[in-house]
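Undergrad: Please find one structure pasted underneath; my questions will follow.
The values are calculated or read from the model by the stated rules, or taken from the named source; none is laboratory data. What you see is a predicted model; the values in this text were computed from it and never measured. Note that each Cβ is placed from the backbone with ideal geometry, even for glycine, and that neighbours are counted across all protein chains shown. Keep in mind that these areas ignore ligands, DNA and RNA; they rest on the heavy atoms of the full protein, side chains included. Shrake-Rupley method; radii C 1.70, N 1.55, O 1.52, S 1.80 Å.
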Amino acid sequence: MTGIALLGSTGSIGRQTLEVLAAHPDRFELRGIAAGRASEGFTEQLAAWPRARAWCAEGRPADISPERWAEGGLEELATADGVELVVVATTGMTALPAVLAALAAGRRVALANKETLVTGGHLVEAALQAAGGDPLERLRPVDSEHSAIWQCLLGERIEDVRRLVLTASGGPFRDVEPGALANVSPEDALAHPTWRMGPKITIDSATLVNKAFEAIEARWLYRLPYGRIEAVIHPQSVVHSLVEFTDGSYKAQLGVPDMRLPIQYALTHPERLPSPARRQAPEAWGTLEFAPLDPARFPAYRAVREAAARGGNRGTILNAADEVAVAAFLGGAIGFTRFAPILEGAVERWGADDEPALEQVAALDAEVRSALTLDLRPRGAA
Ligand code: MG
C-alpha cells in the first residue's frame, strides 16, 4: 500500500485523483487530504475517506474532529508518517513550502500544479539536488504534456534529445483573427474546446500563458534550455507532447484527453494499471493536425517565455501578475489583449537577476499582487 497525501482535493485534478485512488483500493491509502475552502464537496470527501487526516485553509470545519485535524497544514500532511507520495493539486503557489518540505523529508511528489515550478523552480531544484537520486523519481509530472515527455524519455539519454515539443490545443481563440481578440468576453475564453478545467487554467489556456508556464515547468523538470523547448498547435489534444532526438526521430505519447491517465501514471510509475479513463481506439482519433504557434495571436505566450528565459525572480513575478490579470479579466476590469502588456510591465517594474529565497518569493508575490490588484481594479471602484 502506498500512503498518499492529496493537497487540493476539491478542484478538478483533486477530484480525479480520488477517482484513481478509489479504483485501486488495494494499492493506495489516502493518509492526508487538504482543501482551500470548507465546501460541501470537501465535507463529502471527508466522509468518504475517513482515515485521512485533514486540513482546510479556511480553518477547521465543525465536521473535522480535532484528532483528525492537521494543525501544521499542508507541510504536516506532506511529511506525515506513512505518506510516501504527495499529490499537489492546489492552485497558485500555496503549496511551494509543502513541496520543499516533502522533498527534504524524502517523500515523492506528483506535481499537478505548475505555479510551484514557475514561481519557485530554482528552490525545488535545490531541494532535489539535496535529496539526490533520479529527480524524476522524486518529482513526477502530472500535467499531461510533461507526463507525455517523461514517458517518451524513458530508456533514453537526455543528451540524445534535440528538443521537446509541447502540444497546445490553441484554446478557443486559435482561429479568431488577432484583431478581434480585444472584444472577446470571459465566457468566450472559458469555453475550452477539449479540456474541462478550473477557470484560472482555462483562461491561461486561451492566452497560452499556460503553455509558456509549461515551458518553464519543462525547463526545471528536464533541465534543458528554453531554446530546446518548443510548442506546436495540435487541436485534437490526442498527442500529449513529443520529443525529437538528435537523429531526427520523434517519440510521442498519445491517448484520450483524460487527466486520470497522467495522474495514475505519476502514482504507479514504472507500472501501469487499468485506468478508470475511457479507452479509445486510434480509429476514433480521425485526423491529427499540427500547426505552428503564431506569436502574433498569442503575445502573452511570447512575453512569458522571453521573461522566463532571463531567469532571476521573473518566474515569481509572472505567476503573481498573471493571477491578478486573470481575476481582473474574469471580473470585466480588463480586456483580453491586456495580458501581454501587464505581464511585460510587471517584469519591467520588479524584475531582478538574483534568484529569491523562499521568504523573498513570498514577499515579492505579495507585493506584485497587491500593487497590480490596485492598478487593475475595475473602473469606478474606490
Ligand atoms: Mg497541460
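Undergrad: Highest first, please rank the peptides 316-324, 242-250, 2-10, 215-223 by the mean number of other Cβ atoms sitting within 10 Å of their residues.
TA: Final packing ranking: 316-324, 2-10, 215-223, 242-250.
Undergrad: Which value in deg cm²/dmol, rounded to the nearest 500, describes the helix-derived mean residue ellipticity at 222 nm for the chain, given -39,500 (n - 2.57) per DSSP H run of n ≥ 4 and division by the residue count?
TA: When only DSSP H runs of four or more count, the value is -13000 deg cm²/dmol.
Undergrad: Scan the chain and note any complete DSSP helix (H) whose C-alpha atoms cover at least 20 Å along its axis and whose Kyte-Doolittle average is -0.5 or more.
TA: Sorted by number, the helices that extend far enough and score high enough are 115-131, 314-330, 358-375.
Undergrad: Here is a follow-up. Gain in length, ALA105 to GLU283, computed as 0.36 nm per residue apart minus the alpha-carbon separation, to one decimal in nm?
TA: Here the segment from ALA105 to GLU283 would lengthen by 59.5 nm.
Undergrad: Remind me, relative contact order of region 92-131 in percent, using alpha carbon pairs under 8 angstrom and six or more residues apart?
TA: 52
Undergrad: Can you give me the accessible area per residue for region 58-107, using a 1.4 Å probe, in Å²?
TA: On a per-residue basis, region 58-107 sits at 42 Å².
Undergrad: Rounded to two decimals, what is the ratio between the C-alpha radius of gyration of region 267-382 and 2.2 N^0.38 Å?
TA: Compactness ratio reported: 1.46.
Undergrad: By how many nm would the segment from ALA23 to ARG51 lengthen if fully extended, with 0.36 nm per residue of separation less the alpha-carbon distance?
TA: Extra length from ALA23 to ARG51 when fully extended: 8.4 nm.
Undergrad: Turning to a different aspect of this structure: Considering the chain as a Gaussian network with a 10 Å cut-off on Cα pairs, which listed residue, HIS234, HIS192, HIS269, attains the greatest mean-square fluctuation?
TA: Answer for the Gaussian network model of the chain: HIS269.
Undergrad: Using a simple spin-label model with points 7 Å from Cα along the Cα→Cβ vector, what separation in nm is obtained for GLU40 and THR337?
TA: Distance between the two pseudo-spin positions: 4.2 nm.
Undergrad: Between SER65 and GLU177, what FRET efficiency comes out of the Förster formula 1/(1 + (r/R0)^6) with R0 = 51 Å and r the beta carbon distance, rounded to 0.05?
TA: E(calc), rounded to 0.05, equals 0.35.
Undergrad: How many Å³ per residue does the convex hull of the Cα positions in region 86-237 occupy?
TA: 117
Undergrad: Using per-residue counts of other Cβ atoms within 10 Å, averaged over each peptide, order 118-131, 279-292, 77-90 from highest down.
TA: 77-90, 118-131, 279-292
Undergrad: Taking all protein chains as present, what is the carbon and sulfur share of the accessible area of region 190-250, in % to the nearest whole number, probe 1.4 Å?
TA: With neighbouring chains kept in place, the figure for region 190-250 is 59 percent.
Undergrad: How much length would be gained if the chain were fully extended between ARG157 and ARG196, taking 0.36 nm per residue of separation minus their Cα-Cα distance, in nm to one decimal?
TA: The ARG157-ARG196 span can extend by a further 10.6 nm.
Undergrad: For a test of the definition: using alpha carbon positions, the gyration tensor, and the 1.5 limit on a/c, classify the chain as rounded, prolate or oblate.
TA: Rounded, since a/c falls under 1.5.
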